[in-house]
Amino acid sequence: MDDISAYLKLRNRVYYYRRRVPQQFRDCENRSEVLISLKTDSRNAALAKAQMINAQVEEYWQALRDARSDQARLSAQQRFEAAITIAQKEGFRFLPAQEVVKLDDEEFLSRVQAAAKGPNVAKAVLGTVDRPSMTLDDVFAEYEKLTRSERAGHGKDQLRRWRNPRLKAIKAFHQVIGFQKQLSEITRNDALLFREWWQDRINEEGMTGEGANKDFQNLNKMFKTVNDALRLDLVSPFDGLALRLVENDPRPPLTNDQLRAIINSPQLMQMNEEARFVLLVKMETGARTREICGLDPDDNEIRLDGHIPHIDIRPNKYRALKVTHTKRLLPLVGVALEAVQQMPRGTDRYRQGADSWSATVNKFLRENQLLPTQRHTVNSIRHSFEDRLTKVEPPDKVQAYLMGHKYVRPRYGAGPDLEQTVGWLKRIELKDVHPARLISDEPDEP
């Protein structure tokens, strides 16, 4: 790391940042040295400012070199990004040439003066760098890069769930218009044809408007994000495509008797033991499937040794949590406690496969006629849990905490503790249940 103090120069009681241009950048930087007033007589303040300026100067030099020495191997997109960086370092916003000539005289002359620093600076500040040609496939790759911070901590399954809907929307759009177009060639008519295709599927194939709107939303957001980042100055053809949805009834809950029937069913032992584990924990904690499947026993998220056995729902290497209010400690009671006592390390099979668990268990429950209607699914269990809580009337803050919902009032303090929440869960614990032994001596079905 450079000794920043070596780049300080005191002149007339004012510190300056002064640095000779390194040899490797002299073929693309016309100046022999950089001299910038730090506008302070304090050495400590000057060191702090020089640190920031030095980083900016080095980034600027790197962009100059990329734009000059690597022209042959850089893609059009990389050249365009380098031009944006150079323009910013010169104090300008990158604009295409046709917009530069429309600027007021003062800014236009400033850009012309900056252009005298070299051909690469000239292309950047005068906007003569060609825009990259991109298809929607290219847009996805760029969008994935631009939004990577949003997926920090996501597990393998969460990353798959993030990618697949966006790739599906792109694939469907290409199928409708017949081929891949360059981004600048996608028209509003193309987008309207895509919406008409979706309307036909909804009317003729029973598809949902939610699926259509999700495709429109994903395409629009990817287009706009990349358009803004690369200064493409395009108008998204996917804006305002959303279909008006008919409100559907919410997922019906299971009654306590229906929950008990599942637990007491002799067929339950035919379900593989790890699937049974997640099912029973879900019934008495109300936790989301992904929260139970993703428990990390090596990070002390399954705790049986304290005075109140519980699970700790928090972000880990297997799955992220979308929002902070989903973090919580859930006491284990009833069949959930029995399940965890028999499988204290949770599930390896479904740790990053919550969707696989849902598909497996839904199929099993339907084949064994353990769901009362086709509209009931394993997600009905969470709806049932909320209804069971509502009947015993816990404080709103406690109910929101146990469900992992947002509490609408400002949050103060640490929230409900285990002693408080375990009492409410014991009040809704399923009685008169006699589940078969969780871990069977018989081999699981495939």
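The values are calculated or read from the model by the stated rules, or taken from the named source; none is laboratory data. The model shown is predicted, which means the values in this text are computed figures rather than measured ones. Here Cβ is always computed from backbone atoms with ideal geometry, including for glycine, and neighbour counts include all displayed protein chains. For accessibility, only protein heavy atoms count, side chains too; no ligands or nucleic acids. Shrake-Rupley method; radii C 1.70, N 1.55, O 1.52, S 1.80 Å.
For this structure, a couple of remarks:
- Options 236, 265; residue that is crowded, with 17+ Cβ neighbours inside 10 Å and under 26 Å from residue 165 (Cα atoms): 236
- Consider the stretch 390-442 and keep the residues that are in a loop (DSSP other than H, G, I, E, B), out of contact with any helix residue (DSSP H, G or I) (no Cβ under 7 Å at 6 or more places or on another chain) and modelled with pLDDT of 85 or more. The one that is nearest to residue 257 (Cα to Cα) is 431.
- Enumeration of residues in the stretch 282-298 that are under 27 Å from the mean Cα position of the chain (by Cα), within 23 Å of residue 403 (Cβ to Cβ) and of a type outside the set (Ser, Thr, Tyr): 282, 286, 287, 288, 290, 291, 292, 293, 294, 295, 296
- Whenever a residue of the stretch 396-420 is at negative phi, its partners that are at pLDDT below 85, lying with C-beta atoms within less than 6 angstrom and at least six residues away or across chains, give the pairs 397/407; 398/416; 400/407; 401/415; 401/416; 406/325.
- Matching residues, the stretch 71-92, being part of a helix (DSSP H, G or I), at pLDDT below 80 and either open to solvent by less than 80 Å² (accessible area, probe 1.4 Å) or touching a His at 6+ places or on another chain (Cβ under 6 Å) (or both): 76, 77, 79, 80, 81
- Residue that is surrounded by the fewest Cβ atoms within 10 Å (Cβ to Cβ), among those in the stretch 355-389 that are assigned to a helix (DSSP H, G or I) and β-branched (Val, Ile, Thr): 360
- Qualifying positions in the stretch 136-191 - at pLDDT below 85, of a type in the set (Lys, Arg) and open to solvent by less than 60 Å² (accessible area, probe 1.4 Å): 151, 181
- Qualifying residues in the stretch 93-125 (those that are assigned to a loop (DSSP other than H, G, I, E, B) and closer than 27 Å to residue 25 by Cβ) - the one most open to solvent (accessible area, probe 1.4 Å): 93
- Considering the conditions (1) surrounded by 13 or more Cβ atoms within 10 Å (Cβ to Cβ); (2) over 30 Å from residue 32 (Cβ atoms), residue 128 is excluded by exactly one of them, (2).
- Condition met for residue 159 (part of a helix (DSSP H, G or I), closer than 17 Å to residue 241 by Cβ and without any contact (Cβ under 8 Å) to a residue 24 or more places away in the chain): no
- Here residue 228 passes the criteria (1) within 21 Å of the chain's Cα centre (by Cα); (2) surrounded by 15 or more Cβ atoms within 10 Å (Cβ to Cβ) except the one numbered (2).
- Those residues of the stretch 145-156 which are within 9 Å of the chain's Cα centre (by Cα) and assigned to a helix (DSSP H, G or I), in sequence order: 148, 149, 150, 151
- Counted as qualifying within the stretch 221-313 are the helices (runs of 4 or more DSSP H) with 2 or more residues that are under 15 Å from residue 335 (Cβ atoms) and acidic (Asp, Glu), namely 273-285.
- Selection over the stretch 192-220 of residues that are touching a residue at least 40 places away in the same chain (Cβ under 8 Å), surrounded by fewer than 19 Cβ atoms within 10 Å (Cβ to Cβ) and under 19 Å from the mean Cα position of the chain (by Cα) gives a count of 1.
- In the stretch 222-236, the residues that are on the phi > 0 side of the Ramachandran plot reach residues that are buried (at least 16 other Cβ atoms within 10 Å of the Cβ) and part of a helix (DSSP H, G or I) with C-beta atoms within less than 8 angstrom, at least six apart or across chains, in these pairs: 231/84; 233/227.
- Residue within the stretch 272-280 that is surrounded by fewer than 19 Cβ atoms within 10 Å (Cβ to Cβ), without any contact (Cβ under 8 Å) to a residue 24 or more places away in the chain and in contact with a Ser or Thr (Cβ under 7 Å, 6 or more places away or on another chain) present: no
- Residue in the stretch 327-348 that is under 17 Å from residue 153 (Cα atoms), free of Cβ contacts under 8 Å to residues at least 12 places away in the same chain and within 30 Å of the chain's Cα centre (by Cα) present: no
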